Amino acid sequence: MTIPETGPNAPATADTASRADEPTLTIRRPDVSDGGAMWRVARDSGELDLNSSYAYLLLADHFGDTCRIALMGDDVVGFVSGYRLPADPTRYFLWQVAVDERARGHRLAGRLIDAVIDAHPEVTSLTTTVTEDNQSSRRVFQRWAEQRGGTLREVTGFEAHHFPDGHEAEPLLVIDGFR
Ligand SMILES: CC(C)(COP(=O)(O)OP(=O)(O)OC[C@H]1O[C@@H](n2cnc3c(N)ncnc32)[C@H](O)[C@@H]1OP(=O)(O)O)[C@@H](O)C(=O)NCCC(=O)NCCS
């Protein structure tokens, strides 16, 4: 698989010519027609809380500017969803990131995060929530912070008693200083 170049000097919509035997992998912002595929990737991820299909259509349609999808050929194989906090648009809240099993192992989640952050120079802080036991996700954010020269701290987020349905606590990971 050919992974697109992303980073401060790369376009948000990155496309890389693939070698003949490899599918081309692209990262671009989603539109409403991609919401269903985002729902499917979340469903198949094995880890994420699956929201309604309607919610992914809303994300793709109304928040596409702060979401990205990764495509292998024509297939959506990953996405990141999030938004800038309405009260402080310098803070990006990353809601979910997922990569299909077949596309894992290439740090694609980090590339998706690069793509959305690099498209928004006004964003100086990234917040997400991650459960205690989600080691792959924790590693993704640690590595992303390291690669971008940022600092990562963990603070209390959504506590177990906030949830009405026995959901486990979701501590916040806050990454600053990556600009
Ligand atoms: C988290 C996820 C998006 C990462 O996908 P990816 O970009 O392909 O990640 P990679 O396989 O390249 O691994 C990224 C890092 O995590 C590490 N990692 C992967 N699986 C791991 C595991 N089970 N335990 C510990 N570390 C793990 C890798 O070694 C790698 O570390 P490195 O950068 O130091 O080499 C993917 O595993 C996924 O979709 N998981 C389910 C959904 C989810 O949990 N999302 C996050 C919560 S919103």
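Brief remarks on what is shown
- Long-range amide H partners of ALA169 with built H, under 5 Å: ALA160
- 0 to 90° range, to nearest 10: angle between helix 53-62 axis and the chain longest Cα axis: 70 degrees
- Listed values for region 28-36 are Karplus-derived 3J(HN,Hα) couplings in whole Hz (6.51 cos²θ - 1.76 cosθ + 1.60, θ = phi - 60°), namely 8, 6, x, 10, 4, 6, 9, x, x, and x replaces Gly and Pro.
- Accessible surface of the chain, 1.4 Å probe: 51 percent of it comes from carbon and sulfur atoms.
- Between the beta carbons of HIS162 and ASP61, assuming R0 = 25 Å, the FRET efficiency works out to 0.35 to the nearest 0.05.
- Given charges at Cβ of Lys, Arg, Asp, Glu: region 14-176 dipole, positive-most of ALA87, LEU172, THR124: THR124
- Summed over the residues of the chain and divided among them, the accessible surface reaches 51 Å² per residue at a probe radius of 1.4 Å.
- Listed peptides 52-58, 36-42 by packing density, highest first (mean Cβ within 10 Å): 36-42, 52-58
- Cα gyration tensor, region 92-133 - rounded (a/c under 1.5), prolate or oblate: oblate
- Taken along the Cα-to-beta-carbon direction at a fixed 7 Å, the label points for ASP133 and SER53 span 3.0 nm.
- Residues in region 125-130 carry Karplus couplings, in order, of 8, 10, 10, 8, 10, 8 Hz; the curve used is 6.51 cos²θ - 1.76 cosθ + 1.60 with θ = phi - 60°, and Gly or Pro positions show x.
- Peptide packing: for 71-79, 159-167, the average count of neighbouring Cβ atoms within 10 Å per residue gives the ranking 71-79, 159-167, highest mean first.
- 3J(HN,Hα) from dihedral phi, region 96-108, Karplus parametrisation 6.51/-1.76/1.60, rounded to Hz, x for glycine, proline: 9, 9, 8, 10, 4, 3, 5, 10, 6, x, 10, 6, 5
- Label-point separation in nm, ARG153 to ARG102, each point 7 Å along Cα→Cβ: 4.3 nm
- Built amide H within the under 5 Å cut-off of TRP95, gap 5+: SER81, GLY82, TYR83
The values are calculated or read from the model by the stated rules, or taken from the named source; none is laboratory data. Quick caveat, the model's predicted, so the values are computed rather than measured. All Cβ positions, glycine included, derive from the backbone under ideal geometry; neighbour counts span all protein chains shown. With ligands, DNA and RNA removed, areas are computed over all heavy atoms of the protein, side chains included. Shrake-Rupley method; radii C 1.70, N 1.55, O 1.52, S 1.80 Å.
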